[in-house]
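Engineer: Pasting a structure below so you can have a look.
What follows draws every value from the coordinates through simple rules; no lab data is involved. The structure presented is a predicted model; accordingly, all values stated were derived computationally and were not measured. Counting neighbours? That spans all protein chains shown, and the Cβs are built from the backbone with ideal geometry, glycine included.
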Amino acid sequence: MNAKNPIAALLVLIALCLAPAAQALLTLEKSVSLTDEFGGTLQIQSSGALDIPGADINSIASFSDFHPGAHDRSVNGQVERQRNRANEQLTSVYSGSLTFNALDADGNARQNVLEFADLTIVRSATGPQFSGAVILNGEVIDAGEMPQQVAVILRRVLRFFYLA
């Protein structure tokens, strides 16, 4: 480029940025590792592709005696999220299971198992739509007919993927 003509150089730069052939596919590799004060771990591995109209990213979160809050609560298990963004729509598909260990008010051990059976969440301009199922302690709950209380718990459980 000719340094004596900054306007021509700027126009060439803009043309390169806007040209369809100049839009490159980007590859994403990300690893997040958290260790709580009790030695429990949460590891999230993400990989995928990003481009202008969307993205395809797969993330696997592995919990090993992870304490998300208090010392008397821990999580074990693995959940996979397949996420696809295309134009104005975001689709996330979850599969896997988590085991929650806690103590009740009397100090008795309590365990809950949450499984994801192709839980799909589609977010678009019309709002989120759910399909698939969640299984809580063996009870199958259709995601499309999930009570609001279960949806709130589900959001809390899946928020760790914000780190991915």
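Engineer: Go through (1) 13.9; (2) 11.3; (3) 8.7 and flag the label whose value is the computed mean projected area of the Cα convex hull in nm² for this structure.
Structural biologist: It is the one labelled (1).
Engineer: Connecting C-alpha atoms closer than 10 Å in a GNM of the chain, tell me which of Leu136, Leu103, Leu42 has the biggest fluctuation.
Structural biologist: Of the options given, Leu103 has the highest mean-square fluctuation.
Engineer: Relative to the first principal axis of the alpha-carbon coordinates of the chain, what is the inclination of helix 148-158, with its axis defined by its Cα atoms, in degrees from 0 to 90 and to the nearest 10?
Structural biologist: 70
Engineer: State to the nearest 20 debye the size of the charge dipole of the range 25-163 about its Cα centre, where the only charges are +1 on K and R beta carbons and -1 on D and E beta carbons.
Structural biologist: The calculation lands at about 360 debye.
Engineer: Taking a spot 7 Å from the Cα of Gln89 along the direction of its beta carbon, which residues of the range 108-130 have an amide N less than 18 Å from it?
Structural biologist: 119-130
Engineer: Sticking with this one: Relative contact order of the chain: what whole-number percent is it, with Cα pairs under 8 angstrom and at least 6 residues apart?
Structural biologist: Numbers: 327 pairs, mean separation 21.1, N = 164.
Computed over the chain, the figure is 13 percent.
Engineer: Rank Phe63, Phe38, Phe116 by mean-square fluctuation in a GNM of the chain with C-alpha springs under 10 angstrom and give only the top-ranked residue.
Structural biologist: Result for the chain, Cα springs under 10 Å: Phe38 fluctuates most.
Engineer: Still on this model: Sum -39500 (n - 2.57) across every DSSP H segment of at least 4 residues in the chain, then divide by the residue count to get the 222 nm mean residue ellipticity, nearest 500.
Structural biologist: Computed ellipticity for the chain at 222 nm equals -4500 deg cm²/dmol.
Engineer: On a 0 to 90 degree scale, rounded to 10, what angle separates helix 6-18 from the longest Cα axis of the chain?
Structural biologist: For 6-18 against the chain, the angle is about 40 degrees.
Engineer: Identify which of Ala55, Ala125, Ala86 has the largest mean-square fluctuation in a Gaussian network model of the chain, with springs joining Cα atoms closer than 10 Å.
Structural biologist: It is Ala125.
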